[in-house]
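Engineer: Mind having a look at this structure? Questions to follow.
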Amino acid sequence: MRFHLVCALSLVLSACAHVTPNPNVGERTVDMLLTQGDCSGATERLRRAAELGQPWAQVRLGFFAYTKQCPGVDLDEGNTWLTRVACYEAKTDWEKGRPTAMGTVGFFNTRDDSFHAIDVLQMAAEASSPDVESMLVAKWYWIRVAADLYESGHPRRRMLDQRLREIEKNMTTDALNRAKELNICGPFRLPQT
């Protein structure tokens, strides 16, 4: 009898897990707060998770800065969070988004979070660079960081390598050398707390 009760309870819990829209409790909480119109609560929850080093929260704060979805996150803070996410190195299968792996809550599929943060930073470089050469240097750097997220042969890696070659056609040798010397991720690649 106990066996059947345990099996029934397991099935109910499994069914509930599949109905839940987002397995990340923190992210799901933020989504619910936003649905309720509680921007300050969502931003506060995001900041706490971001300060714990959780990339999903850092990228959302960065998006808030650019989209103005919720007030209270300026572009400087948003860029800092986006840079942290962009430079985060996903090492485990869990962080790379493989659902059969196990890992720390808040760190599932951080590689995609990094990819999206890089995309925003690349677009920001296009919009805010003082000249074309500076824009190409920043764009090349961020695409190179994005390409390094993926192993050789991965479809995204091939696509990003192709984009790099296309950008290089429009760069001077000096600009390409400056791009290769950039090290924006250096200080952000330290272990996050």
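Engineer: Might you check whether a residue that is within 30 Å of Leu46 (Cα to Cα), more than 17 Å from the chain's Cα centre (by Cα), buried (at least 19 other Cβ atoms within 10 Å of the Cβ) and not β-branched (Val, Ile, Thr) occurs anywhere in the range 140-151?
Structural biologist: Scanning the range 140-151, I find at least one residue that is within 30 Å of Leu46 (Cα to Cα), more than 17 Å from the chain's Cα centre (by Cα), buried (at least 19 other Cβ atoms within 10 Å of the Cβ) and not β-branched (Val, Ile, Thr), so the answer is yes.
Engineer: Counting only residues that are touching a Ser or Thr at 6+ places or on another chain (Cβ under 9 Å) and within 21 Å of Gly62 (Cβ to Cβ), give me the helices (runs of 4 or more DSSP H) lying completely in the range 76-193 with at least 2 of them. Quick ask: steps written out before the conclusion?
Structural biologist: Values: elements: 110-128, 132-147, 155-168, 173-181.
Here the list reads 110-128, 132-147.
Engineer: Let me ask something additional. For Phe63, which of the numbered conditions (1) open to solvent by 50 Å² or more (accessible area, probe 1.4 Å); (2) in contact with a helix residue (DSSP H, G or I) (Cβ under 6 Å, 6 or more places away or on another chain) fails to hold?
Structural biologist: (2)
Engineer: Tell me, yes or no, whether the range 95-105 has at least one residue that is under 14 Å from the mean Cα position of the chain (by Cα) and surrounded by 18 or more Cβ atoms within 10 Å (Cβ to Cβ). Break it down into steps so the answer makes sense when it comes.
Structural biologist: So in the range 95-105, the residues under 14 Å from the mean Cα position of the chain (by Cα) come out as 95-97.
So of that shortlist, the ones also surrounded by 18 or more Cβ atoms within 10 Å (Cβ to Cβ) come out as 95-96.
Yes, some residue in the range 95-105 is under 14 Å from the mean Cα position of the chain (by Cα) and surrounded by 18 or more Cβ atoms within 10 Å (Cβ to Cβ).
Engineer: Looking only at the range 36-55, count how many residues are open to solvent by 10 Å² or more (accessible area, probe 1.4 Å) and either more than 16 Å from Asp113 (Cβ to Cβ) or part of a helix (DSSP H, G or I) (or both). Step through it out loud before you land on a result.
Structural biologist: Residues of the range 36-55 open to solvent by 10 Å² or more (accessible area, probe 1.4 Å): 36-41, 44-45, 47-48, 51-52, 54.
Checking the rest, the ones that are also either more than 16 Å from Asp113 (Cβ to Cβ) or part of a helix (DSSP H, G or I) (or both) come to 36-41, 44-45, 47-48, 51.
Going through the range 36-55 one residue at a time, the tally reaches 11.
Engineer: Restricting the first residue to the range 52-77 and requiring it to be free of Cβ contacts under 8 Å to residues at least 40 places away in the same chain, which pairs with a second residue that is assigned to a loop (DSSP other than H, G, I, E, B) and not polar (S, T, N, Q) meet a Cβ separation below 6 Å and a spacing of at least six or different chains?
Structural biologist: That search, which allows pairs on different chains as well, returns Leu61/Val73; Phe64/Cys70; Phe64/Val73; Ala65/Val73.
Engineer: Further question on the same structure: If I filter the range 161-179 down to residues being polar (S, T, N, Q) and under 14 Å from Glu133 (Cβ atoms), which single residue comes out as surrounded by the fewest Cβ atoms within 10 Å (Cβ to Cβ)?
Structural biologist: To start, the set of residues in the range 161-179 that are polar (S, T, N, Q) comprises 162, 170, 172-173, 177.
Within this subset, residues satisfying the condition of being under 14 Å from Glu133 (Cβ atoms) are 170, 172-173, 177.
Numbers: Asn170: 12, Thr172: 11, Thr173: 8, Asn177: 11.
Looking at the filtered set, the residue picked out is Thr173.
Engineer: Scan Asp174, Asp131, Asp113 and give me the residue that is among the acidic types (Asp, Glu), closer than 30 Å to Gln54 by Cβ and free of Cβ contacts under 8 Å to residues at least 60 places away in the same chain. Even if it seems obvious, please write down each step before you answer.
Structural biologist: Details: Asp174 fails: closer than 30 Å to Gln54 by Cβ; Asp131 fails: closer than 30 Å to Gln54 by Cβ.
The match here is Asp113.
The values are calculated or read from the model by the stated rules, or taken from the named source; none is laboratory data. In this text, all values refer to a predicted model and were calculated from it rather than measured experimentally. We place every Cβ from the backbone using ideal geometry, glycine too, and count neighbours over all the protein chains shown. Please note that ligands, DNA and RNA were not included when accessible areas were found on the heavy atoms of the full protein model with its side chains. Shrake-Rupley method; radii C 1.70, N 1.55, O 1.52, S 1.80 Å.
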